[in-house]
1. Filter region 23-42 for residues that are aliphatic (A, V, I, L, M) and closer than 15 Å to LEU64 by Cα and give the result.
2. From THR80, THR108, grab the single residue that is buried (at least 23 other Cβ atoms within 10 Å of the Cβ), polar (S, T, N, Q) and out of contact with any Pro (no Cβ under 6 Å at 6 or more places or on another chain).
3. Please enumerate the residues belonging to region 128-152 that are surrounded by fewer than 13 Cβ atoms within 10 Å (Cβ to Cβ) and in contact with a strand residue (DSSP E or B) (Cβ under 7 Å, 6 or more places away or on another chain).
4. Given the options ARG68, ARG103, ARG47, name the one that is surrounded by fewer than 16 Cβ atoms within 10 Å (Cβ to Cβ) and either in contact with a Lys or Arg (Cβ under 7 Å, 6 or more places away or on another chain) or among the basic types (Lys, Arg) (or both).
5. Identify, from the list VAL73, VAL89, VAL61, the residue that is buried (at least 16 other Cβ atoms within 10 Å of the Cβ), more than 12 Å from the chain's Cα centre (by Cα) and of a type outside the set (Ser, Thr, Tyr).
6. Can you pull out every residue in region 113-170 that is among the β-branched types (Val, Ile, Thr) and part of a helix (DSSP H, G or I)?
7. Scan region 23-40 and tell me whether some residue there is under 24 Å from ALA148 (Cα atoms) and either assigned to a strand (DSSP E or B) or over 19 Å from the mean Cα position of the chain (by Cα) (or both).
8. Starting from region 35-46, keep only residues that are within 11 Å of THR9 (Cβ to Cβ), then list their pairs with residues that are assigned to a helix (DSSP H, G or I) and among the hydroxyl-bearing types (Ser, Thr, Tyr) whose Cβ atoms are within a distance under 8 Å, requiring at least 6 positions of separation or different chains.
Amino acid sequence: MKEAYIKETHAVKVGHVFPPDTNNHGTLFGGKLMSYIDDIASISAMRHSRSPVVTASTDSVDFLAPVRTGESVCLESFVTWTGTSSMEVFIKVLAENLLTGERKIAATAFLTFVAVNEEGKPIPVPKIIPETEEEKYLHETAKERVEARKKRRNASKELATVIHKGKPWG
């Protein structure tokens, strides 16, 4: 299986924030932003795997600044790390005041996707090659996030067993 460069997985989504997209504070609904994040991240994962993908986890969505009515929201995503069939995708969300040109990072997120075949079974993905400083940093620090993800998943399985009255979680 051939390797691929991170730049080949880059995806961008831009939208205008209108009143129906916002809450009573005049800022973009968090759930709407999370939907945008999952959508753009899945495009990066599919570009890399060239197969259907499923969302395996959302490690974090860190909301750093509000996105207000009238601003644009720009999401950039790319694959940062690959396992056998899994891909970690980083998403950076930028808000821009279209009248002043001021931009700010509004959120960051890490999601994991698994490449699957037509039967929904995991399939191998190519290794990823970082080139820029940002890509190299995210690639090198991915192992820590992978370990934290595994611990969190095991804790979730244990919790599911407890709250499901001792029955297996699956």
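Laboratory data are not the source of any read-out in this text; all were calculated from the coordinates shown. Quantities reported herein were computed from a predicted structural model and do not represent experimental measurements. Cβ atoms come from the backbone with ideal geometry, glycine included; neighbour counts cover every protein chain shown.
1. If we filter region 23-42 for residues that are aliphatic (A, V, I, L, M), which is where we start, we get 28, 33-34, 37, 40-41.
Across region 23-42, the qualifying residues are LEU28, LEU33, MET34, ILE37.
2. The unique qualifying residue is THR80.
3. GLU131, the sole residue that qualifies.
4. Details: ARG68 fails: surrounded by fewer than 16 Cβ atoms within 10 Å (Cβ to Cβ); ARG47 fails: surrounded by fewer than 16 Cβ atoms within 10 Å (Cβ to Cβ).
Exactly one residue qualifies, and that residue is ARG103.
5. Numbers: VAL89 fails: more than 12 Å from the chain's Cα centre (by Cα); VAL61 fails: more than 12 Å from the chain's Cα centre (by Cα).
Within the list VAL73, VAL89, VAL61, the selection yields VAL73.
6. Within region 113-170, VAL146, THR161, VAL162, ILE163 qualify.
7. Within region 23-40 (the criterion being under 24 Å from ALA148 (Cα atoms) and either assigned to a strand (DSSP E or B) or over 19 Å from the mean Cα position of the chain (by Cα) (or both)), the answer is no, since none of the residues qualifies.
8. Listed by first residue and then by second, the contacts come to SER44/THR9; ALA45/THR9.
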